[in-house]
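Contents: one structure, followed by commentary.
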Amino acid sequence: MEPTTPTPQPRLKKVLCIEDEHFISELYTRALTRAGYEVDVQLDGQKGLAAAQTDVYDIILLDLMVPSITGIEILRTLRDPRETPKMHARIIITTNLEQRDDVRADIEHQADGYLVKAEITPHQLVEFLGRLES
């Protein structure tokens, strides 16, 4: 009987955080790094979009209000196969912006998650991302 090699279970490990608020990005980075994630932070929307389009990230935490281009524009570009032909990352919107119900529904339809920053702790963010892996 030949020994069987267990199939490795993929883990979401590499996170891109597109967030212009230093305090929040630091909180997220600290919590996620402790939980075993590798985190890159981009403070500018255009630079964040360029980094996201490299398709090296498993998760993208995307704030809706970042300098140079909005998070909604980034989300649309990442979801457009003509603009971003290779994209395997899960995109999680992180915002404190109040959205009209129809706008929020449209954003949630395009994203893999929608989190209100004021309502979630860094620990809860780690738990949420852990559930994405299941």
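The numbers here are math on the coordinates, done by the rules we state, and not lab data. In this text the structure is predicted, and so the values were computed from the model without any measurement. FYI the Cβ positions are ideal-geometry reconstructions off the backbone, even for glycines, and counts take in every protein chain you see.
If R0 is 30 Å, the Cβ-Cβ spacing of E127 and Q46 corresponds to a FRET efficiency of close to 0.45.
Modelled label positions at R79 and E26, each set 7 Å beyond Cα in the direction of Cβ, lie 3.3 nm from each other. Starting from the Cα of R34, step 7 Å toward the Cβ, then list every residue of region 78-122 with an amide N under 11 Å from that point. What the label zone holds, given the 11 Å backbone N cut-off, is 122. Here K86 is the anchor, and the lysines within straight C-alpha reach of less than 22 Å, apart from those fewer than 8 places off in the same chain, are K13, K14, K47.
For the chain, what proportion of DSSP beta bridges, expressed in % and rounded to the nearest 5, is antiparallel? Walk me through the numbers on the way to the answer.
Working: 0 of 18 bridges.
Of those bridges, close to 0 percent are antiparallel.
Pair-distance distribution of the chain: all C-alpha pairs, bin width 5 Å, starting at 0; shares per bin in whole percent are 2, 10, 21, 23, 20, 12, 5, 2, 2, 2, 1, 0, 0. Among 23-30, 59-66, sorting by the average number of other beta carbon atoms lying within 10 angstrom of each residue, highest first, gives 59-66, 23-30.
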